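Worksheet for the structure shown next.
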Amino acid sequence: MTPPHFLTITPMLDFNQSYFKLFGLSEQFALDSSALATAFRELQAQYHPDRFVNADDKERRVAVQSTGFINEAHEALKAPRLRARYLLTLKGIEFDDEIDTTSDGMFLMQQMEMREALEDAQNSSENPEEALDAVEKVGKEVRSLSQSLQNDFERHYDVEDFNAAKEAVLKMKFFERLSNEVKTLTEKLEDEMF
Amino acid sequence: MAYSEKVIDHYENPRNVGAMDKDAQEVGTGMVGAPACGDVMKLQIKVGDDGIIEDAKFKTYGCGSAIASSSLLTEWVKGKSLDEVQEIKNTDIAEELELPPVKVHCSVLAEDAIKAAIADYQSKQ
């Protein structure tokens with residue numbers, strides 16, 4: 001049974017607090033994923049709009065806003081790149097997707113080569129099993145380079161070199177794209193095998 | 001979002017896809033990336049003794065608009081001097097390909113790539 005004035009019992013969410021604070025996590029890159037998952041589930045349950053069906057319009061609206069805020073916060077912290085980006089925005093570092101870019105030529109060359117390797121893996125072999133091996137090889141490299149980029153971010157962030165940390169975040173996007181391509185290609189090849 | 005016919009044409013029949021020797025003195029290579037979407041683009045020019053671009057090649061991993069922008073640009077720069085090419089603006093590309101506002105950044109990427117290629121060529125002379 002829903003009490004008549006539910007919000008007097010369920011506290012109002014502070015929409016200005018940081019996403020880390022919302023979930024009771026410390027403001028850092030290293031993440032306790034299970035703590036995030038648990039806190040997310042609890043908050044979701046607490047503010048679920050179903051619990052506010054008998055509340056008045058204002059309370060229902062606040063419940064919907066709260067759920068939105070909780071989901072947004074969860075999205076922003078769950079994935080490493082977005083979490084890194086969010087940490088920097090808390091430090092006042094801005095991201096302009098239209099202008100910001102990395103001009104690290106070596107990095108871009110490496111990106112180009114990994115994409116070529118993926119393309120070759122896909123085209124070179126008639127045998128899906130061999131192609132899958134070749135894709136997995138690229139995938140392994142992508143994961144390892146991606147991990148070292150995350151370590152770079154953490155190192156720069158910890159010593160407050162925010163420009164270098166931002167550069168690492170910008171580079172992460174390229175790896176995110178590559179990982180997605182590896183995943184899509186792997187699924188496609190696995191489908192062909194069975 | 002619908003692509004214009006021109007974009008589809010370049011996407012399905014890209015012009016000048018390929019690579020040149022990036023270490024050659026007469027070749028300039030421009031590598032650019034767009035962190036907003038993770039696209040990467042390589043654009044190369046081969047410049048003759050008379051300062052005219054003899055050949056251009058590109059390789060782009062990205063969306064249709066990014067491929068079309070770089071494909072079109074390689075067509076445009078051939079036979080032009082470096083000064084003339086510097087005059088090409090991303091808006092020219094966006095207009096020719098009728099890119100929607102959300103895809104204009106692809107033409108910016110192409111302009112950045114040709115500028116980088118010219119800078120690379122000049123640094124070798």
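The values are calculated or read from the model by the stated rules, or taken from the named source; none is laboratory data. Just so it is clear, the structure is predicted and the values come from calculations on it, not from any experiment. Using ideal geometry, Cβ is built from the backbone for each residue, glycine included, and neighbour counts are taken over all protein chains shown. Accessible surface is based on the protein model in full, side chains and every heavy atom, while ligands, DNA and RNA are left aside. Shrake-Rupley method; radii C 1.70, N 1.55, O 1.52, S 1.80 Å.
Comparing the full protein assembly with the isolated chain (1.4 Å probe, heavy atoms, ligands and nucleic acids excluded), the residues of the range B:74-106 losing at least 30 square angstrom of accessible area are B:His105.
Annotation for the range A:123-194 versus the range B:54-68: alpha-carbon center distance of 22 Å. Label-to-label distance for A:His48 and A:Ser124 is 5.1 nm, based on points extended 7 Å past Cα in the beta-carbon direction.
Note on chain A: Cα-Cα pairs beyond 25 Å make up 53% of the total pair count.
The simple Förster model, with R0 at 45 Å and r as the Cβ-Cβ distance, assigns A:Thr89 and B:Glu12 a FRET efficiency of 0.65.
Using a 1.4 Å probe on the protein heavy atoms, what percent of the accessible area of the protein assembly as shown belongs to carbon and sulfur? Carbon and sulfur together cover 48 percent of it. A full extension of the chain between A:Glu116 and A:Gln28 corresponds to an added length of 28.2 nm, given 0.36 nm per residue minus the alpha carbon distance.
Rounded, prolate or oblate: pick one for the range B:2-47, where a ≥ b ≥ c are the square roots of the eigenvalues of its C-alpha gyration tensor, a/c under 1.5 means rounded, and failing that, prolate if a/b is larger than b/c, else oblate. The shape class here is oblate.
Here A:Ile99 and B:Glu5 are evaluated by their C-beta separation; at R0 = 30 Å the FRET efficiency comes out at 0.50. Taking all protein chains as they are arranged and a probe of 1.4 Å, the heavy atoms of B:Tyr3 leave approximately 80 Å² accessible to solvent.
Its Cα centre serving as origin, the range A:1-158 has a Cβ charge dipole (Lys and Arg +1, Asp and Glu -1) of approximately 1020 debye.
The B-A contact accounts for roughly 1500 square angstrom of buried accessible surface, both chains included, probe 1.4 angstrom.
If you keep only loop residues by DSSP, which GluC sites (Glu not before Pro) in the range A:101-194 have at most 11 other Cβ atoms within 10 Å of their Cβ? Those satisfying the criteria are A:Glu126, A:Glu160.
How high is the relative contact order of chain A, in percent, with contacts defined as C-alpha pairs under 8 Å that are six or more residues apart?
Averaging sequence separation for qualifying contacts and normalising by length gives 19 percent for chain A.
With respect to the cross-link table entries B:Lys89/B:Lys124; B:Lys6/B:Lys78; A:Lys166/A:Lys188; A:Lys137/A:Lys173; A:Lys166/B:Lys115, which display a Cα-Cα separation exceeding 27 Å? Violating the 27 Å limit, Cα to Cα: A:Lys166/A:Lys188.
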